[in-house]
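The structure under discussion appears below in the form of structure tokens.
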Amino acid sequence: MAGPIFGTPRMGRSYSVQDCVYAVISRDNGDVAVARTPKGIVLLGGGVEDGESERDALYREAYEESGYRAQIISRLGFASQYVNNAAKDRYRLKRATFFECELTEKLGPPIDQDHELIWMPYKEAHESLLRPFHRWALEFVG
């Protein structure tokens, strides 16, 4: 899979690779679904677990972070980002597939209690997203 790579690896550091999936969700009025977390504003999604398909991972992550069932509309693209967390001595290359999705049904409260689903105007969401590769993906629906 090819796609843009964001961030800069630090020389002399070993990076673990994490395969991820993220949902780009927008409403007709231009608002975008994002999650407010202790780290900042992110797209719904996260890591693909061993033995899990991208589709299943996206459905699981969307439910865990929002309490909603997600439905995939289309695949938008693939991008990677280097994430440097020197404080925790953790270095990752996040390889992500981004999907256009919709939220179809409220199933209950989010499992991840430190995530809050919020709807933001496109411009505000684009400016607020923590990770550059999330901003890149959001541009597909902007």
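In the range 3-56, which residues are within 21 Å of Tyr82 (Cα to Cα), open to solvent by 90 Å² or more (accessible area, probe 1.4 Å), in contact (Cβ under 8 Å) with a residue 40 or more places away in the chain and in a loop (DSSP other than H, G, I, E, B)?
Thr8, Arg10, Arg13, Ser14, Pro38, Lys39
Could you please let me know if Val42 is at pLDDT below 95 and either among the aromatic types (Phe, Trp, Tyr) or in contact with a Lys or Arg (Cβ under 7 Å, 6 or more places away or on another chain) (or both)?
Criteria not met by Val42.
Out of the range 75-114, which residues are in a strand (DSSP E or B) and closer than 17 Å to Ala33 by Cβ?
Leu76, Ala96, Phe98, Phe99, Glu100, Cys101, Glu102, Leu103, Thr104, Glu105, Lys106 - these are the residues of the range 75-114 that are in a strand (DSSP E or B) and closer than 17 Å to Ala33 by Cβ.
Considering only residues that are small (Gly, Ala, Ser) and within 12 Å of the chain's Cα centre (by Cα), look in the range 70-115 and name the one that is surrounded by the most Cβ atoms within 10 Å (Cβ to Cβ).
The extreme case among them is Ala96.
Six or more apart or on different chains, Cβ under 6 Å: which pairs go from a residue in the range 115-133 that's part of a helix (DSSP H, G or I) to one that's among the basic types (Lys, Arg) and open to solvent by 60 Å² or more (accessible area, probe 1.4 Å)? Could you list them?
Correct list of pairs: His126/Arg135.
For Ala70, indicate whether it is of a type in the set (Gly, Ala, Ser) and over 23 Å from Ala2 (Cβ atoms).
Judged against the criteria, Ala70 is a match.
The values are calculated or read from the model by the stated rules, or taken from the named source; none is laboratory data. Everything numeric in this text was worked out from a predicted model, so none of it was measured. Using ideal geometry, Cβ is built from the backbone for each residue, glycine included, and neighbour counts are taken over all protein chains shown. What goes into the accessible areas is simple: the full protein's heavy atoms, side chains included, and nothing from ligands, DNA or RNA. Shrake-Rupley method; radii C 1.70, N 1.55, O 1.52, S 1.80 Å.
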